[in-house]
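Input: a single structure, listed below in structure tokens.
The values are calculated or read from the model by the stated rules, or taken from the named source; none is laboratory data. Quick caveat, the model's predicted, so the values are computed rather than measured. So basically every Cβ, Gly included, is an ideal-geometry build from the backbone, and we count neighbours across all protein chains shown. Note: accessible area is taken over every heavy atom of the protein model, side chains too, but ligands, DNA and RNA are not part of it. Shrake-Rupley method; radii C 1.70, N 1.55, O 1.52, S 1.80 Å.
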Amino acid sequence: MKRENELPEENGQNADKTVHPERKIRRPRIPGRTGRKAAPKEDGKAAVKDEKAVKKSGKEKSTGKTGTPKNVSVPRTKTVRTARPQKGKEEAAAAENIPSVTELSAKKTGRGTSQPRQRQRQSQDSVSRLKIIPLGGLEQIGMNITAIEYEDSIVIVDCGLAFPEDDMLGIDLVIPDITYLKDNIDKVKGFAITHGHEDHIGSLPYVLKEINVPVYATKLTIGIIENKLKEHNLLKSTKRRIVKHGQTVNLGCFRIEFIRTNHSIADAAALAIFTPAGLIIHTGDFKVDYTPVFGDMIDLQRFGELGRKGVLALLCESTNVLRPGFTPSERTVGKTFDNIFAEHRSNRIIIATFASNVDRVQQIINSAHKYGRKVVIEGRSMVNIITTAMELGYIDIPDNLLIDIEQMKNYTDDQLTLVTTGSQGEAMAALSRMAANIHKKVTIKPGDTVIFSSTPIPGNEKSVSKVINELTMMGAKVIFQDTHVSGHACQEEIKLIYALTRPKYAIPVHGEYRHRVRHSELAQEMGVPKENVMLLKSGDVLELSEDYAAVTGSVPAQGIFVDGLGVGDVGNIVLRDRQYLSENGLIIVVLTLEKYSNQLLAGPDIVSRGFVYVREAENLMEEAAEVVNEALDHCFAKNTTDWGKIKNEIKDSLSDYLWKKMKRNPMILPIIMEV
């Protein structure tokens, strides 16, 4: 086949030009030397004449002269074929990454063009490095989302939400900042989702309104996502693709393989992301369960196969990295349930667990069926997920075992089991409403057995303790020991993944900073060099290649607050005002001025909200009104007509008085009306 920059093969003179470059170095071909093939015999005289002309042109080149002597006539075609063989070699060699004659000779002599070529190659590598950009999930447990970018392709792994912290007053949810993705929307090829927990899929309905690209996930995960899309009227406009374990999808320049793992929800998957720069493995949330309730165990064999091929980077979760040993199997909880059901045969049993933990609900149903009980599913999210799992075949419920909550009155306590939400003490969850005695259909009574089949998420401990205390005060027996196993890998399981994959770079994800620091130490114990362990922050841009890894920049990655139907309209300033109001209260000063003369026509009237109870502090309110009047007189004496200055004078005077009187500093809001 003729290469683009190679001369045509004629009479064999260009054959095998780049196969043995070392041989060419010893005897570089110079036009006119012996060994060059002669022209055909029938053109003998012309060939001799051409050969002499070539020899003369070769002498001129060796002496540094350019051009052709006036008294020498060289045929055009012959000159082209003899004057450019060296250049053709270099171009052909460059096309196949084979050193040319000039490059190899330069290596021997220390001269030539190797240095500029090396710089050019480095600049090309810098342009084509892989970028890993975590947009959430690194400073907290939740809001997991990571963008992986190479040239003109971006794939997004997970799209979760976080629940508000204690100081986020009035906030319902926190979703990731996707400004970088919106700015590069033409590059975004799709979402690859590891499993169906809220901290991995919860933000999809909000993000898909801005970035409408296909979503790829396993069967149950897609089913749970579809429930969310229905609530937001996005089902018709969103493309969804179901991927089986072991299958691959192509997104831009990426090829993504879904690998079976175990977790506290069925159909969890790790992702093997094949990129032009190398193989990236994202474990998602996982544990190694040799006896799972549903499906097969984690595909450790595939992790080992990928490790033998070579893994550039491993993004591994860090949730349970502080715990030594292995995480127990989910089946151990089923044995605990059997024992509790056997011990409390005559009591009504209420079990609170995560709505998405389908395997846990399956074991509750197994125990209830074994002891002849009917099961009531309560809590909107629990009902939605269990219904989806039943439709897709991920949970096996015997006929006539489930009953509606309205039918509870037809059965005695020893025939009933309630499975409900609220294991994290959420204020509006079903169990919390039962504990507060505000649930419309279920009332806690003495003798009830309440099981917390979960562990409080960090930050929820106070809420859970409050619910437990309320339930105990109502006469219920609360059980929370040995009723839960984690769905996350402990130290030995994480070590196993490192031993199988043997990554060049380790990137701890999914955890607080203390978790990821311990994870980095564990990665070093498993042979990853310290300089190859990357502790990132949300928003960091990590560039990776086989011989390069560095954080080269950052992108916006602050959480976006969702308050009711408002997304992003509440920021830090509003939260600061809410915090201030919650701590100090509000005083509103209302007065009326005449339009032209600025005479006081009415007021000042003082309204207190969250500061003092006015009826019990009438003297304080009267004195505060006098302070406002003095401030107004001071302004009028100086002929101040600017309302802004008048308001500031009122605020300063009243604030000083209240601080001296009560050592409090409420927010003061003057309102001036003009008549």
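Considering the range 493-538 alone, what residues qualify as being at positive phi and surrounded by fewer than 20 Cβ atoms within 10 Å (Cβ to Cβ)?
Arg502, Gly527
Sort through Thr248, Thr291 and tell me the only one that's closer than 19 Å to Val358 by Cβ and either surrounded by fewer than 18 Cβ atoms within 10 Å (Cβ to Cβ) or within 20 Å of the chain's Cα centre (by Cα) (or both).
Among Thr248, Thr291, only Thr291 is closer than 19 Å to Val358 by Cβ and either surrounded by fewer than 18 Cβ atoms within 10 Å (Cβ to Cβ) or within 20 Å of the chain's Cα centre (by Cα) (or both).
What pairs can you find where one residue is in the range 171-190 and β-branched (Val, Ile, Thr), the other is loosely packed, with under 15 Cβ neighbours inside 10 Å, and their Cβ atoms are less than 8 Å apart, with a gap of 6+ or different chains?
Final answer for the pair search is Ile178/Glu210; Thr179/Pro556.
Name the single residue, out of those in the range 605-641 being of a type in the set (D, E, K, R) and in a helix (DSSP H, G or I), that is farthest from Val589 (Cα to Cα).
Selected residue: Glu616.
If I ask for residues that are open to solvent by less than 30 Å² (accessible area, probe 1.4 Å) and either of a type in the set (Phe, Trp, Tyr) or in contact with a Ser or Thr (Cβ under 9 Å, 6 or more places away or on another chain) (or both), which ones from the range 379-406 would you list?
Hits for the range 379-406 are Gly379, Met382, Ile385, Tyr394.
Identify, by number, the condition in (1) assigned to a helix (DSSP H, G or I); (2) crowded, with 21+ Cβ neighbours inside 10 Å; (3) in contact (Cβ under 8 Å) with a residue 40 or more places away in the chain that Thr194 doesn't meet.
(1)
Mind checking which pairs have a first residue in the range 342-358 that is under 23 Å from Tyr411 (Cα atoms) and open to solvent by 10 Å² or more (accessible area, probe 1.4 Å) and a second that is in a loop (DSSP other than H, G, I, E, B) and of a type in the set (Gly, Ala, Ser), Cβ under 7 Å, 6 or more apart or different chains?
From residues that are under 23 Å from Tyr411 (Cα atoms) and open to solvent by 10 Å² or more (accessible area, probe 1.4 Å), the pairs are Asn347/Gly447.
Does Glu546 meet the test of being touching a residue at least 60 places away in the same chain (Cβ under 8 Å) and more than 19 Å from the chain's Cα centre (by Cα)?
Yes, satisfied.
Output the number of the condition that Leu306 fails; it satisfies all remaining conditions of (1) at pLDDT below 95; (2) closer than 13 Å to Ile497 by Cβ.
Here Leu306 clears every test but (1).
Could you tell me which of the residues Val213, Val207 is among the β-branched types (Val, Ile, Thr), touching a residue at least 24 places away in the same chain (Cβ under 8 Å) and open to solvent by less than 10 Å² (accessible area, probe 1.4 Å)?
Testing whether each residue is among the β-branched types (Val, Ile, Thr), touching a residue at least 24 places away in the same chain (Cβ under 8 Å) and open to solvent by less than 10 Å² (accessible area, probe 1.4 Å) leaves just Val207.
Among what's in the range 127-176 and is at pLDDT below 90 and among the acidic types (Asp, Glu), pick the residue that is most open to solvent (accessible area, probe 1.4 Å).
In this case the residue turns out to be Asp166.
Can you find, within the range 147-162, the residue that is nearest to Glu426 (Cα to Cα) among those that are touching a residue at least 60 places away in the same chain (Cβ under 8 Å) and not aliphatic (A, V, I, L, M)?
Asp158
Against the condition hydroxyl-bearing (Ser, Thr, Tyr) and either over 30 Å from Thr261 (Cα atoms) or free of Cβ contacts under 8 Å to residues at least 24 places away in the same chain (or both), how does Thr388 come out, does it pass?
Taking the combined requirement at face value, the residue does not satisfy it.
Got a sec? Which strands (runs of 3 or more DSSP E) wholly within the range 442-533 have at least 1 residues that are farther than 30 Å from Ile364 by Cβ and under 27 Å from the mean Cα position of the chain (by Cα)?
Strands (runs of 3 or more DSSP E) meeting the threshold: 505-509.
Please enumerate the residues belonging to the range 642-670 that are β-branched (Val, Ile, Thr) and more than 11 Å from Ile587 (Cβ to Cβ).
Answer for the range 642-670, where residues must be β-branched (Val, Ile, Thr) and more than 11 Å from Ile587 (Cβ to Cβ): just Ile646.
Would you please list the contacts, defined by Cβ atoms under 9 Å and residues six or more apart or on different chains, that run from a residue in the range 494-515 that is without any contact (Cβ under 8 Å) to a residue 40 or more places away in the chain to a residue that is assigned to a helix (DSSP H, G or I) and among the charged types (D, E, K, R)?
Note: pairs meeting the criteria are Lys495/Glu525.
Of all residues in the range 555-571, which are in contact (Cβ under 8 Å) with a residue 60 or more places away in the chain, open to solvent by 50 Å² or more (accessible area, probe 1.4 Å) and either over 18 Å from Gly136 (Cβ atoms) or assigned to a strand (DSSP E or B) (or both)?
Matches in the range 555-571: Val567 only.
Please work out if Ser329 is over 39 Å from the mean Cα position of the chain (by Cα) and either more than 19 Å from Glu426 (Cα to Cα) or in a loop (DSSP other than H, G, I, E, B) (or both).
It is false that Ser329 is over 39 Å from the mean Cα position of the chain (by Cα) and either more than 19 Å from Glu426 (Cα to Cα) or in a loop (DSSP other than H, G, I, E, B) (or both).
Go over the candidates Glu461, Glu426 one by one and state the one that is at pLDDT below 90, open to solvent by 50 Å² or more (accessible area, probe 1.4 Å), within 26 Å of Asp199 (Cα to Cα) and in contact with a Ser or Thr (Cβ under 9 Å, 6 or more places away or on another chain).
Glu426
Among the residues in the range 247-261, are any in a loop (DSSP other than H, G, I, E, B) and of a type in the set (A, V, I, L, M, F, W, C)?
Looking for residues that are in a loop (DSSP other than H, G, I, E, B) and of a type in the set (A, V, I, L, M, F, W, C), one finds at least one in the range 247-261, hence yes.
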